[in-house]
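Trainee: Following this message is one structure expressed as structure tokens.
The values are calculated or read from the model by the stated rules, or taken from the named source; none is laboratory data. This is a predicted model, so every value here is computed, not measured. All Cβ positions, glycine included, derive from the backbone under ideal geometry; neighbour counts span all protein chains shown.
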Amino acid sequence: MAASACKPGQRFGAVVLSALFLLGAAPAAFAHCDTLDGPVVAAARQALDRGNPNLVLIWVSKDKEAEIKTAFDKASRLVSHGCVRLEKPRELAQALLDDQSAWNAQAIDAAIDQGDTKRVAVDRPVAVFLFYWTAFVGADGKMNFLSDPYDWDKELLVKLSRANTSNA
């Protein structure tokens, strides 16, 4: 269905998940009209958050399910616009805003549950460190290797090799 087939006033919401369109992995002619707060978009957000494409398959015809699952598998959580995923966003917000009475746990929960981006000034500077780990030792003591989608490992290996050669 083309975007022009949507009812007036509705925004074009893709069943296949917005991240898949950014990657060019989703079929171009397969879509569903929905508002941004509608059930298709809500299911797509949950599917991305939970890493579970089955949450959107109720909006997909049976003959397209395999295609959607394949596209979802190709999509990476690295597709973003400068955003960083947090393991515990509520806890971080509470720690950053603990000295602002307007931002108690209930206010933070309500803001997060609303789903819109909120920009809140913090009263003190906060150091933020981001780590890009493609290899790590797990809690079980085993070495784990992840993909390196930014190809930073190659550059790091070259620099380490140069440093090792110059120190020899």
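Trainee: Taking Asp73 as meeting all but one of (1) surrounded by 13 or more Cβ atoms within 10 Å (Cβ to Cβ); (2) assigned to a helix (DSSP H, G or I); (3) modelled with pLDDT under 80, write down the number of the exception.
Mentor: So the condition that Asp73 fails would be (1).
Trainee: Another one. Which of the following residues is over 19 Å from the mean Cα position of the chain (by Cα) and either in a loop (DSSP other than H, G, I, E, B) or among the polar types (S, T, N, Q) (or both): Asp99, Asp153, Asp148?
Mentor: After applying the criteria, what remains is Asp99.
Trainee: Can you name the residue in region 102-124 that is in a loop (DSSP other than H, G, I, E, B) and under 22 Å from the mean Cα position of the chain (by Cα) and, of all such residues, is modelled with the highest pLDDT?
Mentor: Val120
Trainee: Determine, yes or no, whether Asn144 is in contact with a Phe, Trp or Tyr (Cβ under 9 Å, 6 or more places away or on another chain) and not assigned by TED's automatic domain parsing to the domain that holds Asp37.
Mentor: Yes: the conditions hold for Asn144.
Trainee: I need every pair where a residue in region 91-102 that is assigned by TED's automatic domain parsing to the domain that holds Arg124 and farther than 12 Å from Lys118 by Cβ has its Cβ under 8 Å from the Cβ of a residue that is among the aliphatic types (A, V, I, L, M) and not in a loop (DSSP other than H, G, I, E, B), sequence separation at least 6 or different chains.
Mentor: The qualifying pairs are Gln94/Ala105; Gln94/Ile108.
Trainee: In addition: Out of (1) modelled with pLDDT of 80 or more; (2) assigned to a loop (DSSP other than H, G, I, E, B); (3) of a type outside the set (D, E, K, R); (4) surrounded by 13 or more Cβ atoms within 10 Å (Cβ to Cβ), what's the single condition that is false for Phe30?
Mentor: (1)
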